[in-house]
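S.K.: Shown below is the structure under consideration.
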Amino acid sequence: MKKSPAERISSSRPEVVVRPLTSLSDFEGCVFIQRKVWGHPDLDITPVHQFRIAVHTGAIILGAFVDGKIAGYVYSFPADFGKVRGQHSHHLAVLPEIQGLGLGKTLKWAQREEALKRKIELLTWTYDPMQARNANLNIHVLGVVGNRYLRDFYGETPALVLDAGVPSDRLLVEWWIKSPRVKGRTKAAPAPFDFGRIPKALERAAGGTGPEAGPGRPVLDLEAARVLIEVPKKIRDLPKGTGIIGAWQTAARDTFESYFAHGYRLEDFISGDRSFYVLRYAPSSRHLRQG
């Protein structure tokens, strides 16, 4: 029986090849993946000609191939950070049937290697703070930092919001690819936090255990070295049209913005039966400064 792409990746890693994308057919693969992963309408698709000129002017676009067929890609373009040489990473996409097997992580580490070859120090990107799986990859596995919360950053693009009427809020994160923090994660992700004694700035409502559990009231006046912000383990499993997704986002937004304003920043992410951001008090840390 012929193996699925997921089975081939998990059983035979040498079948996965990551390489730069340079040809028109390569970029057509990126368009195909956008449609499969995000369901974007044509108006919101990054087109072949944009990838073509982006590579010509310094973008990094790497594709992951399984049995010679593109299964995912990562795309970043040059960005102006003043004296810091960097790029903004705009896309990381892996076909749905491949997700969960580490291909996204493979693409990000390959992106780092390519960036280092180009003397780049910093990669930034945005992501939806309510997506626990992405948060775990970004913070716990890759070692990004950040303290910037962007309200309704992409507007009312249907494919970029969690539910009708819910703003497209994002976290802007920084990946300092030469830092000790990130270098350490090239070997292994850190041991999980023992979060039993860390106070919770936000957690689900008391007594809430099922998929429809809503957020409790944010606690915005904690004074501790670290605080926790809970988010649903799988936000897309929550029922749409009920207001619960928007309630979680509003509570998280208020909590992030308050603690970021008081000198906290992203430190880690706890993924398990429940999902928590770990924020650390670091008032001397500023945007575009290594910590």
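The values are calculated or read from the model by the stated rules, or taken from the named source; none is laboratory data. Please read all numbers here as calculations on a predicted model, not as lab measurements. A quick note on method: Cβ atoms are made from the backbone with ideal geometry, for glycine too, and the neighbour counts reach across all protein chains shown.
S.K.: Right, G68: loosely packed, with under 14 Cβ neighbours inside 10 Å and within 18 Å of L107 (Cα to Cα) or not?
M.R.: Judged against the criteria, G68 is a match.
S.K.: V182: modelled with pLDDT of 95 or more, within 19 Å of Y277 (Cβ to Cβ) and part of a helix (DSSP H, G or I), yes or no?
M.R.: It is true that V182 is modelled with pLDDT of 95 or more, within 19 Å of Y277 (Cβ to Cβ) and part of a helix (DSSP H, G or I).
S.K.: Can you find a residue that is assigned to a helix (DSSP H, G or I), of a type in the set (V, I, T) and either crowded, with 17+ Cβ neighbours inside 10 Å or modelled with pLDDT of 95 or more (or both) anywhere in the range 227-239?
M.R.: Yes, the range 227-239 has at least one match.
S.K.: Suppose we filter the range 122-151 for residues that are free of Cβ contacts under 8 Å to residues at least 60 places away in the same chain and within 14 Å of R112 (Cα to Cα); how many remain?
M.R.: Result for the range 122-151: 6.
S.K.: I would also like to ask the following. Among the residues of the range 162-170, is there at least one that is in contact with a strand residue (DSSP E or B) (Cβ under 7 Å, 6 or more places away or on another chain) and more than 21 Å from A251 (Cβ to Cβ)?
M.R.: Looking through the range 162-170, none of the residues is in contact with a strand residue (DSSP E or B) (Cβ under 7 Å, 6 or more places away or on another chain) and more than 21 Å from A251 (Cβ to Cβ).
S.K.: Search the range 235-257 for residues that are closer than 17 Å to L171 by Cα and pair each with any residue that is of a type in the set (S, T, Y) when their beta-carbon atoms are under 7 Å apart and the residues are at least 6 apart or on different chains.
M.R.: Between residues of the range 235-257 that are closer than 17 Å to L171 by Cα and residues that are of a type in the set (S, T, Y), the close pairs are R253/Y149; F256/Y149; E257/Y149.
S.K.: How many residues, within the range 78-117, are surrounded by fewer than 19 Cβ atoms within 10 Å (Cβ to Cβ), more than 17 Å from the chain's Cα centre (by Cα) and free of Cβ contacts under 8 Å to residues at least 60 places away in the same chain?
M.R.: Result for the range 78-117: 7.
S.K.: Can you work out which of the residues in the range 161-191 that are touching a residue at least 12 places away in the same chain (Cβ under 8 Å), of a type outside the set (K, R) and out of contact with any helix residue (DSSP H, G or I) (no Cβ under 9 Å at 6 or more places or on another chain) is surrounded by the most Cβ atoms within 10 Å (Cβ to Cβ)?
M.R.: Looking at the filtered set, the residue picked out is E174.
S.K.: Among the candidates A251, A189, A224, A201, which residue alone is modelled with pLDDT of 95 or more, among the small types (G, A, S) and in a loop (DSSP other than H, G, I, E, B)?
M.R.: Within the list A251, A189, A224, A201, the selection yields A224.
S.K.: I've got another one for you. Just to be sure, is A159 among the aliphatic types (A, V, I, L, M), under 14 Å from the mean Cα position of the chain (by Cα) and farther than 20 Å from F77 by Cβ? Can you show your working first?
M.R.: On the way: among the aliphatic types (A, V, I, L, M): yes; under 14 Å from the mean Cα position of the chain (by Cα): no; farther than 20 Å from F77 by Cβ: yes.
For A159, the condition - among the aliphatic types (A, V, I, L, M), under 14 Å from the mean Cα position of the chain (by Cα) and farther than 20 Å from F77 by Cβ - is not met.
S.K.: Are any of the residues in the range 47-54 over 16 Å from A93 (Cβ atoms), in contact with a strand residue (DSSP E or B) (Cβ under 9 Å, 6 or more places away or on another chain) and assigned by TED's automatic domain parsing to the domain that holds R118? Break it down into steps so the answer makes sense when it comes.
M.R.: Taking the range 47-54 first, the residues over 16 Å from A93 (Cβ atoms) are 49, 52-53.
Add one more test, that the residue is in contact with a strand residue (DSSP E or B) (Cβ under 9 Å, 6 or more places away or on another chain), and what stays is none.
No: zero hits.
S.K.: Please give the number of the condition P96 fails out of (1) under 30 Å from V166 (Cα atoms); (2) modelled with pLDDT under 95; (3) out of contact with any helix residue (DSSP H, G or I) (no Cβ under 9 Å at 6 or more places or on another chain).
M.R.: (3)
S.K.: Regarding G29, is this residue within 25 Å of L122 (Cβ to Cβ) and modelled with pLDDT of 95 or more?
M.R.: Here the answer is no, as G29 does not meet what is asked.
S.K.: Continuing with this model, one more query. Is one or more of the residues making up the range 211-220 at pLDDT 95 or above, outside the structural domain of K234 (by TED's automatic domain parsing) and in a loop (DSSP other than H, G, I, E, B)?
M.R.: Checking the range 211-220: not a single residue is at pLDDT 95 or above, outside the structural domain of K234 (by TED's automatic domain parsing) and in a loop (DSSP other than H, G, I, E, B).
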